[in-house]
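The values are calculated or read from the model by the stated rules, or taken from the named source; none is laboratory data. Values in this document were obtained by computation on a predicted structure and should not be read as measured data. When we count neighbours, we look across all protein chains shown, and the Cβ atoms used for this are built from the backbone with ideal geometry, even at glycine. For the accessible areas, the whole protein counts, side chains as well, though only heavy atoms, and no ligand, DNA or RNA atoms are used. Shrake-Rupley method; radii C 1.70, N 1.55, O 1.52, S 1.80 Å.
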Amino acid sequence: MTFHVMLHFQPPHGPAVMDRWGREKTADGTFEERVYTHSSHPTARITLVEESAGVRRVLSEWTRDSGTIRHT
């Protein structure tokens, strides 16, 4: 199982950064750190995704308009 934290900037094809970890706790900490460091950017979108056997599931996502939404 792998966990990804993705930071995207709008428009849809704007710059993006992705990090990958083997531990959910580490990835969740990075997700929270990215929210803290990029919360003032109006187009930032941050997503925490779990990947297992090629299947991805969104665990958490953040945008400036909606805040953090946990899917777990």
Exercise. Looking at H8, H4, which one is open to solvent by less than 70 Å² (accessible area, probe 1.4 Å), modelled with pLDDT of 95 or more and in a strand (DSSP E or B)?
Worked result: H4
Exercise. Taking the condition touching a Lys or Arg at 6+ places or on another chain (Cβ under 7 Å), at pLDDT 95 or above and polar (S, T, N, Q), does T26 pass?
Worked result: no
Exercise. Mind checking whether some residue in the stretch 29-43 is in a strand (DSSP E or B), among the β-branched types (V, I, T) and open to solvent by less than 60 Å² (accessible area, probe 1.4 Å)?
Worked result: no
For this session: Evaluate the stretch 53-71: report whether one residue or more is without any contact (Cβ under 8 Å) to a residue 24 or more places away in the chain, of a type in the set (S, T, Y), surrounded by 11 or more Cβ atoms within 10 Å (Cβ to Cβ) and part of a strand (DSSP E or B).
Result: yes
Problem set entry | Of all residues in the stretch 1-24 being among the small types (G, A, S) and without any contact (Cβ under 8 Å) to a residue 24 or more places away in the chain, the one that is nearest to I46 (Cα to Cα) | A16
For this session: Considering every residue within the stretch 33-46, establish whether at least one is under 12 Å from the mean Cα position of the chain (by Cα) and touching a residue at least 40 places away in the same chain (Cβ under 8 Å).
Result: yes
